1. For GLU356, are the conditions met, namely being in contact (Cβ under 8 Å) with a residue 60 or more places away in the chain and acidic (Asp, Glu)?
2. Give segment 388-413 a look and list any residue that's touching a Leu at 6+ places or on another chain (Cβ under 6 Å), closer than 21 Å to ALA37 by Cβ and not hydroxyl-bearing (Ser, Thr, Tyr), or say none.
3. Mind checking which residues of segment 46-85 are touching a helix residue (DSSP H, G or I) at 6+ places or on another chain (Cβ under 7 Å), closer than 26 Å to PHE387 by Cβ and among the β-branched types (Val, Ile, Thr)?
4. Among what's in segment 327-344 and is assigned to a loop (DSSP other than H, G, I, E, B) and of a type in the set (A, V, I, L, M), pick the residue that is farthest from TYR300 (Cα to Cα).
5. Please work out if LEU135 is in contact with a Gly (Cβ under 9 Å, 6 or more places away or on another chain) and surrounded by fewer than 24 Cβ atoms within 10 Å (Cβ to Cβ).
6. Taking the stated definitions as given, is ALA378 surrounded by 19 or more Cβ atoms within 10 Å (Cβ to Cβ) and touching a residue at least 60 places away in the same chain (Cβ under 8 Å)?
7. Evaluate the following for LEU224: is it within 28 Å of GLN167 (Cα to Cα) and modelled with pLDDT under 90?
8. Quick check on segment 178-190. Is at least one of its residues assigned to a strand (DSSP E or B), within 19 Å of the chain's Cα centre (by Cα) and β-branched (Val, Ile, Thr)?
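The values are calculated or read from the model by the stated rules, or taken from the named source; none is laboratory data. In this text, all values refer to a predicted model and were calculated from it rather than measured experimentally. Using ideal geometry, Cβ is built from the backbone for each residue, glycine included, and neighbour counts are taken over all protein chains shown.
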Amino acid sequence: MLDNTAVTSGRWAEFVNQHAAASVSSGYRLLANGADALEARQVSTRCAHSRVCIQTYIWEDDDSGRLLMAELLTAAKRGVQVYLLLDDMDVRGNDYALALLDQHPNIHIRLFNPFRFRFSPVHALVEVILRGSELNHRMHNKAWLVDGLFAVIGGRNIGDAYFDRSQETNFIDLDMAVVGGEAAAAETSFWSYWQHPLAIPVHRLKRLRKAARAWEKHPLWLKLKHLPEMADAITQKPPKLNDDSRWLSPNYYQWHANAQFIADNANKVQRTNQQSAGVLQAILFRFARAKQQVHIISPYFTPGEAGVAMLASMVAKGVEVKVLTNSLASNDVLFAHSGYAKRRRSLLAAGVKLFEMKAEQKSRLRLSTAKASLHSKALVIDQQEVFVGSFNLGARSAMINTELGIFIDDNDMANRLINIFTESTRSEICYRLRYINQRVVWQDTQNCYLREPDSRWWRRLLAWLAQQLPLESQL
């Protein structure tokens, strides 16, 4: 049953009513480390009164994924309605678990743009051949929404690697915690996706429904039933996440009236609404009026010919453009790197300042010594307006996938994000690229490199081969 009525009771309602004045409707907190981002989701769920709505691209079955699922089960047990909307690209393999969870009377799960054939690899391959164009469009939005009053919006999926808890590779990411008016706007967007014809309830997928009944005695079901009890054991692993006092303190947030939540229309995946793709148009509008400086953080930066021309025109007008993206060594998507590398010379020749993150690094912003991969999506325009969201600067985010984000017009927030950019581009942990004698050169504290540093020859070869393929419109 759909429950999108305004929530007037509970801890979040009391907090917002006390501290969000009519002229300053929302509070914001930039979540720059994984511990805070995980805690925001956990604590906000514990404080939920009516509902928790979650929209995400990936949900991993690891400690962080199980911890947050345990929080949702615990909330559902005390009567909170849980609405979980997952893109189906990475769901297969967890079908049974989702079907079983969906049987809880207070948990409602839908898959966005799902595959029809779910168990046979041969059938899946046939479906990709027949429906590849449809399946190519994905819901890339990431939002954790509580009572329509608290939201976490940004680039993080759900999993250890997104919360700096992996022992192998961690994604350096950003979220924005939002309290008040713009959280309600984010929930309104969620409901538009939830009610979209491509958001299919799990219980309507017949094979999953039958499989769930057959699996009620399977050990996996017993494991799921005990997830709430597992939460205490999981939280004993560092970092401990138990204190909710700061999340309900007005001093923990910056309060602003000049903010805008923005999301693509869900119809974008059906190619019926490309011209009104909200996030792209909002970004282009702000780029057009930039006067001094633009900072871009984009892990999968694939500007294409049109994007290069746009950034070059900004530089020609006197705007300093700085871009932080992944190096070949730190990028987890080889094809995305190839799309960026193809345009690297043109960007440097136009005067765009490029920085590439190293895979091996130690940063004051990170808690782990595992390898790093940039996953943050953020902008700062003229040291005044910031954007944090799920949008990569490339064709896939612009025209294929759906995205979301939030703009905040505030000098203090802009300066904090610029400080993160500056910290992340220190020569100890990042390469500065230059264009010298018609060649791209990578520089760090001590060395200059004439080819992609920290990468094996075969990976450089694969990246070069990928550049020769006509894939730029898909990146």
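1. yes
2. VAL388, GLY389 - these are the residues of segment 388-413 that are touching a Leu at 6+ places or on another chain (Cβ under 6 Å), closer than 21 Å to ALA37 by Cβ and not hydroxyl-bearing (Ser, Thr, Tyr).
3. Passing the criteria: only VAL52.
4. Result: ALA329.
5. So LEU135 fails the test.
6. yes
7. Working: within 28 Å of GLN167 (Cα to Cα): yes; modelled with pLDDT under 90: yes.
So LEU224 fits the description; yes.
8. Initially, segment 178-190 is screened for residues assigned to a strand (DSSP E or B), giving 178-180.
Applying the additional criterion that residues be within 19 Å of the chain's Cα centre (by Cα) yields 178-179.
In the following step, the residues that additionally are β-branched (Val, Ile, Thr) were identified as 178-179.
Yes, that holds for at least one residue.
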